[in-house]
Amino acid sequence: MKENYAIKKLADGTPIPYELLLLADETKEAINKYIFDCTIFTLINEKSNDLVGVMAILQLDQDTVELKNMAIAAHEQSQGFGSDMLSFLKSYARDQQCQQIWVGTADIGYLQHRFYMRNGFEMDHIRKNFFLDHYDVPIIEHGIQMKHMLVFSYRLKT
């Protein structure tokens, strides 16, 4: 972790940082379908007290956590903070005695695919028609409609 930055669990009663979460999910309604069941962590610049990043983690079962949302403020992207947050997530999952981490991303999210693979994740399975079934309006990125969710997994060494 970079100097002057810390990852902290979002304190009870603290407002959910939707402005960041919306960088990684399309609508507040979509976020509300999972966020209240998640453990939320924030990345804070301790010098300025600025919120730099957020991640929402859902415990699926005793062996698996799913990264439901992770976002870094636009002006702080491409500085390694996302990888730092994934390193934290791996430690957190080990502490929870999990064996794997899942993260889903759009079938057309090539930059996201590359990011997760660079951080040790591998393609695991596909949730067919996820974006067609769970969003009221088509989601278009780079001129292509999102359809399926690709789920990547990271196997924790025991």
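The values are calculated or read from the model by the stated rules, or taken from the named source; none is laboratory data. This is a predicted model, so every value here is computed, not measured. Don't worry about glycine lacking a Cβ; one is built from the backbone with ideal geometry, like all the others, and counts go over all protein chains shown. In case anyone asks, the SASA skips ligands and DNA or RNA and just uses the protein heavy atoms, side chains included. Shrake-Rupley method; radii C 1.70, N 1.55, O 1.52, S 1.80 Å.
Based on DSSP H runs of at least 4 residues, each adding -39500 (n - 2.57), what is the mean residue ellipticity at 222 nm of the chain after dividing by all its residues, to the nearest 500 deg cm²/dmol?
Mean residue ellipticity, 222 nm, calculated: -6500 deg cm²/dmol.
About the Cα centre of the chain, how large is the charge dipole given +1 on each Lys and Arg Cβ and -1 on each Asp and Glu Cβ? Please answer in debye to the nearest 20.
420 debye
How large is the dipole of the range 107-158 about the Cα centre if only Lys and Arg carry +1 and Asp and Glu carry -1, each at its Cβ, rounded to the nearest 20 debye?
300 debye
In the range 16-146, what percent of the accessible surface is made up of carbon and sulfur (1.4 Å probe, ligands and nucleic acids excluded)?
47 percent
Using a Cα-Cα cut-off of under 18 Å, which lysines could be cross-linked to residue 2, ignoring same-chain neighbours fewer than 8 residues away?
Hits, sequence-local ones excluded: 47, 90.
When you have a sec, figure out the Kirkwood radius of the chain from all distinct Cα pair distances and drop it here in Å to one decimal?
Numbers: mean 1/r = 0.0617 Å⁻¹.
16.2 Å is the Kirkwood radius here.
Would you be so kind as to identify which of 149, 116, 139 lies farthest towards the positive end of the dipole of the range 93-149, taking Lys and Arg as +1 and Asp and Glu as -1 on Cβ and the Cα centre as origin?
116
How many angstrom lie between the C-alpha centres of the range 62-91 and the range 26-52?
11 Å
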